[in-house]
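Just so it is clear, none of the values below were taken in a lab; they were calculated from the coordinates. Because the structure is predicted, anything quoted here is derived from the model rather than measured. Here the Cβ is made from the backbone with ideal geometry for all residues, glycine too, and neighbour counts use every protein chain on show.
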């Protein structure tokens, strides 16, 4: 399902027009030839997550908390009229906030463990001493080791994604095949006994498709698990070669041209203790200065698996916290409330709202986008064939992931719509969810911002000279980015170097208005 981010920008009271995905910004060729620039300035930025959804009729709505907890408030009563998006109940968020903090702490620990094990491998391979370039061998090249470390980490991450997708596919298969494996009994009105109902052809087709998808997911998992094993073996071999090279590698010649005997490694050299093995634990004593050896390839894979698991727990905890506010998906009348303020509510207790004539839109977001969605967020829904958007609100985000055609997990999102309007059940609609807004004092075109790892940079132009500056980015959109620190309003930022050659089909470059990224030129 295609997703894109859109920006609606107001600069100095004027709306910045978006045409074919490009923002008409206050740009100029600048007084210094060869550069396309823009002036950093204030703007109101609205970031949206765009997707598509399906319109569904809602005769009544039954809502419940996705996770249990103590009810902090119930501001509605049976028989009360409520509007779509209105709060029905609120859980005490103290324990939920603690769960988020705990999950984030576990994730940070897992990330630190992986970084420490990677560093331990690199330190072990280098022997803890500098080697002149003349004596650096292929086995001790740090770039090779880093590449193989990254290959193991990447392969383990892919296997974790595959396992999640395969688990979801198997669950979907069981659900789709339920009507065939265990048909529901059908009451015979004449003989007053029960007989099994024969599955329909659509049931058989759905089951067959689900089985094939589950088998495909399992095959993909097996293939990627083999790639992981190959990556682990390659890294293990490199670690072993590096350790062996340290035991036999001659020391660089001294300035006198002679090789002192003290520089010849003996069989008891400390480097001989760094030979990795399958049984290596990868653990070290931070205070004692001793180590049981560098982390093995298997340990790096286990570290990445722990990070993936911790990431999933953070996502679940954040979604549970966001879902602590129960809102009505429709406008109508409250017909049932199963809990009261101060009571411990379970997922089996509900609030029912009756509202004939209302509609809702269901869509799905990826696991990386789910953390941006919260109940109560404003949504613009435009049905296919209609140029008039309808305002709605996010009412719920599902905690149970499903699998997309690409094998990635996705989470269902329900959006309430006001009553009335000529909406057709089953029709698709463009959905734009407002995820964040900012009245920013300093903004620049997104094309002016380039990133190196987690750091963001812009290139400024002053007095005919360019200077790269590190900045802190806030709300980021396809057309404009909020700058929270590192840049002042009124400064000129470089969008493109007009003196660079035009990009060809085999190259990319910074030349061109509103696209690419500027190649920074440091001052001096």
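Quick notes on this structure:
- The calculated FRET efficiency for residue 374 paired with residue 452, based on their beta-carbon distance and R0 = 45 Å, is about 0.90.
- Extension gain, residue 112-residue 222: 0.36 nm per intervening residue step, less the Cα-Cα distance, totals 36.7 nm.
- FRET efficiency estimate (nearest 0.05) - Cβ-Cβ, residue 234 to residue 469, R0 41 angstrom: 0.55
- From the largest down, the range 363-446 spans 43, 33, 22 angstrom on the principal axes of its Cα atoms.
- For the range 331-393, the share of alpha carbon pairs falling in successive 5 Å distance bins from zero is 4, 11, 14, 17, 20, 18, 11, 3, 2, 1 percent.
- FRET efficiency estimate (nearest 0.05) - Cβ-Cβ, residue 434 to residue 489, R0 30 angstrom: 0.75
- Based on C-alpha pairs under 8 angstrom that are at least 6 apart in sequence, the range 331-395 has a relative contact order of 24 percent.
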